[in-house]
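The values are calculated or read from the model by the stated rules, or taken from the named source; none is laboratory data. All of these numbers come straight from a predicted model, not from anything done at the bench. With ideal geometry, Cβ positions are generated from the backbone for all residues, glycine too; neighbour counts draw on all protein chains shown.
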Amino acid sequence: MDQKDRIDETDEIDQTDQKMEASRQPEPQLRLEDLRPRVPEKKKFSDWFMPRRNQVILFDPAKCTGCGTCEMICSTRNVAKVAPSQASVKVLTDEKLGKSFAVLCQHCRRPLCLEACPTRAIEKGDDGIVRINDLFCVDCGLCTMACPEAAPLRDPANQVVHKCDLCEGDPLCVKHCPEKALTTTRGKALRWIKAARWGVQALSFLFLVILVVGTFCYFRAGTVELSCPTGTLQNIASSGTLILVGASSALALLILTVLFGRVFCGWVCPFGFVLDLVDKITPKKIGWPNFLKSRMAKYGVLGGAVGSSAALGFQAFCTVCPIGTLCRSYGVQSVMQSAELAIVPILAATEIAERRSWCRYLCPVGATMGIASLLRLLKIVIGARKCKKFSCIQCAEVCPVGIIDADQLREGVSPKIPMTECIMCLRCVDRCPYSAAKVRFRWQKATPGEANQ
Amino acid sequence: MSLYQPFTNGKIGVVDLTTLSVYTAELPWDACQEHVGGAAVNAWLLSQYESDTLIFGTGPLTGSFAPASALLVGTFRSPRYDHLCHVPFMLRSGPEMKFSGIDYLVIRGAAKESCTLSVGRGQVRVLTIPESTGKSVPELLQMLRRSAPGFRASIVTGPAADQGSPFASASIGSHGSLDKVGLAARMAAKNLKAVLFNGIEGLPFREDHPALSKATETMLRDSGALAAQGFVPILKKLDDGSEAAGALRGKLGRNRACYHCPCPCMTYAAFSKSGPEKEGLLLMDHAGWAALSRKSEDALPLLKRCLELGLDPLAAGTGLREDRPLREAMNAVEALAAAGASIDEEDYPSAPRIDTRIFRILGGGVMPLVSGTTWSDRVAEAMLLGICPIFVQIAGRLDRSDLLRFLTSDAEELKALAARLDDAIQVLQEGKIPEAGSEF
């Protein structure tokens, strides 16, 4: 071999080394932000006015034909192959009932998979998407067990856990579903009911408490007479006579309840308004012991109020009624006329335990309305088809009287709402991003084709 | 490189049930090129082995982004007609077979005891389950879920096949199938109760396939081809279909589609909309339902019994006398399944305006929604490519080039492939076992 050949050979080796160097992929480097698991951000001040609306996929089982197109298209993104078993969406078919279901991540507001992950590999971004950080995932599969939907799926071929990441905001399964059984939504943004309710409550307070003294217990404007039904009951019991004028004036509120449910409690009651305001400033709720949480207690209070009035010969409960006290004790002409107003802050302090504790467990006026609402025309239903159940639970969180069972939602069941306890504040209807909570006539179904509640 | 390599595993599983031996071999690309795929490659493989061999195979488009790419073809020499027959299996059986890592399954010989084949991860396993003999289809499936858990699709036979009924019909899971030429009897002769597929592998795809698939679907939707969906609209296209459709009034549930099919042609029927009889069954066999509903008002329970027994509902409907009470009709069905009764082949209905021999070569169960040679050409084309033969009839606007575009985008290759497809269709319709062009 001569000198020139040796030089050529050395050049070749150098060039090969350079090529190998160039082709070598850089090692993935961990950065600080990779190590810090991302969790849902706390509510910002701006969210009160314009809530964040994260994208979710809605599934309509009535349209699904079980063709599996979603699985195949999902797998192309997951593993760059057509491999339905390795998709992040799974179509299950009940062959006997002939129903197909798509199992996919709901990107819960408070993801249980995130809490279950021992390596903190699951994170929820500001965009609401729950992702698995592959750098940390050890494929232990705890997330698959923690998820009520079993949405994180273990790839049977490679034993790797996959999870829907909404294709980073543009889900392929939704685009390719031939029957449009999969759609995306960001929910509704309009919260006009909230604004309207606060407005009505403030006006009612202004009218009943500030402008006109003694209005709630008995109000007369020309030929129109209105009176508190519970007060009227006590009046009848204490006097032993049925005064038709008083009884008929009390009926007005009861008829309102029959027509619309306990709207008085949710929209008009001045003490309810006070409680709602106190609720805004009270710290985290501590909760009542279970033995105190009987919703039947208020009926006992009502019975006690009527009984004691009959025994004592005067409207006994009215002397401590927080609604009446507010209306009687405070006015334009008389400021703090009576020490009885002290009952208001005492009862309002119960808000520290639970929202609207007084209304839930003790208020006899609410009990009277509750009895009247047995004949109600309206109801609130949570449609099983639209409800996102465990992934949302917003209706249960906003319900001031706690009658929407969050546990049922966590179990994947749309709960029934006991309408005798519902104060028709419509917070659930207002808050539900998927329009699952709706006001319906009592004989109507939640949505066409859905089981009547 | 072959045209089909991108969506083919390139693997054949060969099972000899006599010796219970299994091996896998490379798929010969030249034969694959020549015979295109699906039923034609099945027939070529059959030419390489004994005449009682049973072949299951997928087409080059099976499991791909082509619409309704759900087909799996079973090819064998029919014991009833003594010529080559190809039985189409849809739902998810085709893709599951392909994703199990095997494209063609050759089943030779006969086992001494009742056995089941399990295909997955590119391997075939023989499971000897003697107690599976005589079990009804739902019972058998339940037993198989314990013995071979995790399978995602299955082709099974019921007691009708065990008892030697010539009218036994192989079933996709518990739903029945379009087997009307005796594939179940061939399986029973081999002591083969079931073939299970566990498709957990995947195959790479061409980048433009998703867009092509969406464009094809949009084209079909715009042309109105996908407007009539469900079991009943197709049933009504049969000669006596309107009457048979009337028998389903008030019993229909949701529609069901095969793998990646934009036009569901099956529908669940419920025995009753409420109460304990809320459960129902999937209607997929148009001819079978028409035959049963013509003879009895209790067609739904009779169909259910046929599916449990693994009996061809068309044969059951043909063998029944009209307006018998349910109990007598059930007894007649049981007798047919037990091979204690028979029906003349001449009475066994065929499709009007279709050559009976070709109709039977192509499975005898794909009802004609188009007439004459169009039917035989389209169905044969579907059986070669791996597309549902019912869908290609529904989707009239979907022509051959639309399907072949999923195999190649090159114009020259497309032309050559179309020519080979023509040849293969002709050979398929003749029902001949092709001469082996290459050694295997």
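Residue-level check: of (1) crowded, with 17+ Cβ neighbours inside 10 Å; (2) part of a helix (DSSP H, G or I); (3) within 14 Å of chain A (Cβ to nearest Cβ), B:ARG145 misses just (1).
Considering every residue within the stretch B:279-289, establish whether at least one is assigned to a loop (DSSP other than H, G, I, E, B), within 14 Å of chain A (Cβ to nearest Cβ) and of a type outside the set (Ser, Thr, Tyr). Within the stretch B:279-289, one or more residues are assigned to a loop (DSSP other than H, G, I, E, B), within 14 Å of chain A (Cβ to nearest Cβ) and of a type outside the set (Ser, Thr, Tyr).
For B:ALA161, the criteria (1) buried (at least 22 other Cβ atoms within 10 Å of the Cβ); (2) free of Cβ contacts under 8 Å to residues at least 24 places away in the same chain hold in every case but one, which is (2).
Restricting the search to helices (runs of 4 or more DSSP H) fully inside the stretch B:326-398 and requiring at least 3 residues that are among the aliphatic types (A, V, I, L, M), modelled with pLDDT of 85 or more and touching a Leu at 6+ places or on another chain (Cβ under 8 Å) gives B:326-337, B:372-385, B:389-394. Taken over the stretch A:289-321, the residue count meeting the criterion of being part of a loop (DSSP other than H, G, I, E, B) and under 21 Å from A:CYS265 (Cα atoms) is 6. Taking the criterion of being touching a residue at least 24 places away in the same chain (Cβ under 8 Å) and more than 19 Å from the chain's Cα centre (by Cα), the residues of the stretch B:261-289 that qualify are B:ALA269, B:PHE271, B:GLY280. Look at (1) crowded, with 24+ Cβ neighbours inside 10 Å; (2) in contact with a helix residue (DSSP H, G or I) (Cβ under 7 Å, 6 or more places away or on another chain) and you find that B:GLU308 fails only one, number (1). Each residue in the stretch A:169-197 was checked for being within 14 Å of another protein chain (Cβ to nearest Cβ) and either in a loop (DSSP other than H, G, I, E, B) or polar (S, T, N, Q) (or both), and 7 pass.
Of the candidates B:SER100, B:SER69, B:SER47, the single residue that is more than 16 Å from B:CYS261 (Cβ to Cβ), hydroxyl-bearing (Ser, Thr, Tyr) and within 14 Å of another protein chain (Cβ to nearest Cβ) is B:SER100.
Considering A:VAL320, A:VAL278, the condition of being within 17 Å of A:LEU347 (Cβ to Cβ) and either free of Cβ contacts under 8 Å to residues at least 12 places away in the same chain or surrounded by fewer than 15 Cβ atoms within 10 Å (Cβ to Cβ) (or both) is satisfied by A:VAL320 alone. Within the stretch B:15-40, being closer than 17 Å to B:CYS115 by Cβ and surrounded by 20 or more Cβ atoms within 10 Å (Cβ to Cβ) holds for B:VAL15, B:LEU17. Does B:PHE56 satisfy the condition of being at pLDDT 90 or above, touching a Gly at 6+ places or on another chain (Cβ under 6 Å) and within 12 Å of another protein chain (Cβ to nearest Cβ)? The answer is no for B:PHE56.
Within the stretch B:164-179, being in a loop (DSSP other than H, G, I, E, B), buried (at least 24 other Cβ atoms within 10 Å of the Cβ) and more than 14 Å from chain A (Cβ to nearest Cβ) holds for B:SER165, B:PHE167, B:SER169, B:ALA170, B:SER177, B:LEU178, B:ASP179. A single member of A:CYS140, A:CYS74, A:CYS113 is in contact with a Cys (Cβ under 9 Å, 6 or more places away or on another chain), touching a residue at least 60 places away in the same chain (Cβ under 8 Å) and either crowded, with 18+ Cβ neighbours inside 10 Å or not charged (D, E, K, R) (or both), and it is A:CYS74. Can B:LYS251 be described as more than 24 Å from the chain's Cα centre (by Cα), at the interface with chain A (Cβ under 7 Å from one of its Cβ atoms) and charged (D, E, K, R)? Here the answer is no, as B:LYS251 does not meet what is asked. Tallying residues that are away from every other protein chain (no Cβ under 12 Å) and either in contact with a strand residue (DSSP E or B) (Cβ under 7 Å, 6 or more places away or on another chain) or crowded, with 20+ Cβ neighbours inside 10 Å (or both) within the stretch B:180-221 yields 16. The set of residues from the stretch B:48-83 being over 21 Å from B:GLY13 (Cα atoms) and either surrounded by fewer than 24 Cβ atoms within 10 Å (Cβ to Cβ) or out of contact with any Ser or Thr (no Cβ under 9 Å at 6 or more places or on another chain) (or both) comprises B:ALA68, B:SER78, B:PRO79, B:ARG80, B:TYR81, B:ASP82, B:HIS83. Applying the condition of being of a type in the set (Asp, Glu) and in a helix (DSSP H, G or I) to the stretch B:222-248 and asking which residue is farthest from the chain's Cα centre (by Cα) yields B:ASP222. When B:PHE231 is tested against (1) closer than 26 Å to B:PRO301 by Cβ; (2) in contact with a Gly (Cβ under 8 Å, 6 or more places away or on another chain); (3) within 13 Å of another protein chain (Cβ to nearest Cβ), just one condition goes unmet, and that condition is (2). Taking the criterion of being at the interface with chain B (Cβ under 7 Å from one of its Cβ atoms), assigned to a strand (DSSP E or B) and touching a helix residue (DSSP H, G or I) at 6+ places or on another chain (Cβ under 7 Å), the only residue of the stretch A:76-101 that qualifies is A:VAL82. Filtering the stretch A:404-414 to residues that are surrounded by fewer than 21 Cβ atoms within 10 Å (Cβ to Cβ) and of a type outside the set (S, T, N, Q) leaves A:ASP405, A:ALA406, A:ASP407, A:ARG410, A:GLU411, A:GLY412, A:VAL413. Of all residues in the stretch B:290-304, those being surrounded by fewer than 20 Cβ atoms within 10 Å (Cβ to Cβ), part of a helix (DSSP H, G or I) and out of contact with any Leu (no Cβ under 7 Å at 6 or more places or on another chain) number 1. Scanning the stretch A:361-385 for residues that are aliphatic (A, V, I, L, M) and assigned to a helix (DSSP H, G or I) gives A:LEU362, A:VAL365, A:ALA367, A:MET369, A:ILE371, A:ALA372, A:LEU374, A:LEU375. Whenever a residue of the stretch B:229-248 is closer than 13 Å to B:THR267 by Cβ and at pLDDT below 90, its partners that are assigned to a helix (DSSP H, G or I) and of a type in the set (Phe, Trp, Tyr), lying with C-beta atoms within less than 6 angstrom and at least six residues away or across chains, give the pairs B:ALA244/B:TRP289.
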